[in-house]
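See structure below.
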Amino acid sequence: MKMKLRYFLAGIMTAIITVPTFADPVERNIAPELTVPKALKLLQSQGYHDFRKIKVEREDHEIEVEARNADGHRVEIELDLFSGKIIDIERD
């Protein structure tokens, strides 16, 4: 009886140890968050200026910036928080 119990417990321990774990689907450690100064420099290099409202939306993984484009029109830009890629531009 003791032998059966030992094998039973060993089987349970093996099952517990080998249960797969699942990581958060968003791997934040792959790329660090873009800082606001870096985001503004990136936008400035693309012709945007007169930055007004800057909002970091960590839950949505984006930075929202109100600025003016090269033609002087007011725009709202959404940047990916990790890559800096422009997701959307809305013009007033």
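The values are calculated or read from the model by the stated rules, or taken from the named source; none is laboratory data. These figures come from a predicted structure and were not determined experimentally. Cβ: placed from backbone, ideal geometry, glycine included. Neighbour counts: every protein chain shown. All accessible areas refer to the heavy atoms of the entire protein, side chains included, with ligands and DNA or RNA removed. Shrake-Rupley method; radii C 1.70, N 1.55, O 1.52, S 1.80 Å.
Add +1 for every Lys or Arg and -1 for every Asp or Glu among the other residues with Cβ under 11 Å from the Cβ of residue 56, and state the total.
The answer is -4.
Average accessible surface for the range 40-86: 61 Å² per residue, computed with a 1.4 Å probe over protein heavy atoms with every protein chain in place. With a simple spin-label model that places each label point 7 Å from the Cα along the Cα-to-Cβ direction, the separation between residue 36 and residue 70 comes to 2.7 nm. Sequence-ordered 3J(HN,Hα) estimates for the range 39-53 from the Karplus curve with 6.51, -1.76 and 1.60 and θ = phi - 60° stand at 4, 5, 5, 4, 5, 4, 5, 9, x, 7, 7, 6, 5, 10, 10 Hz, glycine and proline given as x.
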